[in-house]
Amino acid sequence: MNAYVPILVLGAIAVAFAVFSVFVASAVGPRRRNRAKLEAYECGIEPMEQPGGQAGGQRIPVKYYLTAMLFIIFDIEIVFLYPWAVHFDALGMFGLAAMAVFVFNVSVAYVYEWRRGGLSWD
């Protein structure tokens, strides 16, 4: 149990810092409300007015989601490839086989992205 005390203390400090930061930001921060702050953020695309006066209803192109998916795929791949590359010798054949399956799965996602046109910038 003594080995877990530092982890628990660090977790408690992290939670306390998060709660403290939210409290201080809400207590000290400005409270100027306007229309732009109350609207949903749509990655820089200005929302269009609907005929009834409501904001929203604008369709976001699929290319945005394909680009976001591509970023996530390669970000996750790099996060898993670094530790594998560092301990390549210690993992042996099991590590090589596991990484081959992982790279195959990521390659399937890459081919899907490529076929859907997520890599072409028009």
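Considering the conditions (1) assigned to a helix (DSSP H, G or I); (2) modelled with pLDDT under 85, Pro30 is excluded by exactly one of them, (1).
Screening the stretch 86-119 for residues that are touching a helix residue (DSSP H, G or I) at 6+ places or on another chain (Cβ under 7 Å) and charged (D, E, K, R) and picking the one that is most open to solvent (accessible area, probe 1.4 Å) gives Arg116.
The values are calculated or read from the model by the stated rules, or taken from the named source; none is laboratory data. On a predicted model such as this, the values are computed, not experimentally measured, just so you know. Quick reminder, even Gly has a Cβ in these numbers, built from the backbone with ideal geometry, and neighbours come from all protein chains shown. Just the protein is used for accessible areas: all its heavy atoms, side chains included, with ligands, DNA and RNA removed. Shrake-Rupley method; radii C 1.70, N 1.55, O 1.52, S 1.80 Å.
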